[in-house]
């Protein structure tokens, strides 16, 4: 088994980082995806074997009430706020996915992490939104990683991850992942 070690973001100059680490998780993509020219530059600067992982844009996972939206460079009109976050099956959420998909493709990223807020609870609506979202997007060869947070039961997480072909992300100091492997996961039939 290979273990890649890296940081969340570049804590030092990229060239120095590339000399010491083999992977980075881009936090910036969660707040506001960088311009395409920027990510192409990062990809070109990195060694061939270097791995980029990125967080999905908060417009997919978090509602506009989240304090994280303060770092968003665009203004969301009040009347449109209800269309963002929680994997809602809206044009706004799918447009945010297209943006992240483009960044991931430009970086040749292997993994995309969907980090949810604790307020994303295991309601029937949220479960349906997860199913609609992950059943609708083109996954390509990405490994899609879901960090549920909140009050989700282990069996709910395991079932959703198996059914939707997701890898469960857990804080290794608190829990072990419940489902998935870094090797490509296979989508299974719904239980």
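The values are calculated or read from the model by the stated rules, or taken from the named source; none is laboratory data. Here the structure is a predicted model, which is why all the values come from computation and not from measurement. Please note: Cβ atoms are built from the backbone with ideal geometry, for glycine as well, and neighbour counts cover all protein chains shown.
Exactly one residue among 191, 177, 184 is touching a strand residue (DSSP E or B) at 6+ places or on another chain (Cβ under 8 Å), over 23 Å from residue 50 (Cβ atoms) and either at pLDDT 95 or above or in a loop (DSSP other than H, G, I, E, B) (or both), and that residue is 177. Here residue 170 meets each of (1) at pLDDT 90 or above; (2) within 14 Å of the chain's Cα centre (by Cα); (3) more than 16 Å from residue 61 (Cα to Cα) with one exception, condition (1).
If you scan the range 1-34, which residues turn out to be free of Cβ contacts under 8 Å to residues at least 12 places away in the same chain, closer than 26 Å to residue 169 by Cα and part of a helix (DSSP H, G or I)?
17, 20
In this structure, does residue 159 turn out to be modelled with pLDDT under 95, part of a helix (DSSP H, G or I) and surrounded by 14 or more Cβ atoms within 10 Å (Cβ to Cβ)? For residue 159, the condition - modelled with pLDDT under 95, part of a helix (DSSP H, G or I) and surrounded by 14 or more Cβ atoms within 10 Å (Cβ to Cβ) - is met. For the range 35-58, a residue qualifies if it is modelled with pLDDT under 95, in a loop (DSSP other than H, G, I, E, B) and within 13 Å of residue 103 (Cα to Cα), and exactly one does: 35.
Conditions tested, residue by residue: (1) touching a strand residue (DSSP E or B) at 6+ places or on another chain (Cβ under 8 Å); (2) touching a residue at least 60 places away in the same chain (Cβ under 8 Å).
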{"residue": "102", "(1), (2)": "no, yes"}
{"residue": "120", "(1), (2)": "no, no"}
{"residue": "124", "(1), (2)": "no, no"}
{"residue": "133", "(1), (2)": "no, yes"}
{"residue": "148", "(1), (2)": "yes, no"}
{"residue": "157", "(1), (2)": "yes, no"}
{"residue": "161", "(1), (2)": "yes, no"}
{"residue": "168", "(1), (2)": "yes, no"}
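Name the residue, out of 50, 21, 30, 10, that is surrounded by 17 or more Cβ atoms within 10 Å (Cβ to Cβ) and either over 19 Å from the mean Cα position of the chain (by Cα) or on the phi > 0 side of the Ramachandran plot (or both).
21
The residue pairs whose first member lies in the range 56-80 and is without any contact (Cβ under 8 Å) to a residue 12 or more places away in the chain and at positive phi, whose second member is assigned to a helix (DSSP H, G or I) and surrounded by fewer than 15 Cβ atoms within 10 Å (Cβ to Cβ), and whose beta carbons are closer than 9 Å, counting only pairs six or more residues apart or on different chains, do not exist in this structure. Residue 75 satisfies every condition listed in (1) over 21 Å from residue 149 (Cα atoms); (2) surrounded by 18 or more Cβ atoms within 10 Å (Cβ to Cβ); (3) at pLDDT below 95 except (2). Scanning the range 98-136 for residues that are surrounded by fewer than 17 Cβ atoms within 10 Å (Cβ to Cβ) and part of a loop (DSSP other than H, G, I, E, B) yields 108, 118, 119, 121, 122, 123. The residues listed here are 121, 153; of these, the one that is at pLDDT 85 or above and farther than 18 Å from residue 62 by Cβ is 153.
Of all the listed residues (155, 147, 159, 124), the sole one being closer than 21 Å to residue 51 by Cα and out of contact with any helix residue (DSSP H, G or I) (no Cβ under 8 Å at 6 or more places or on another chain) is 147.
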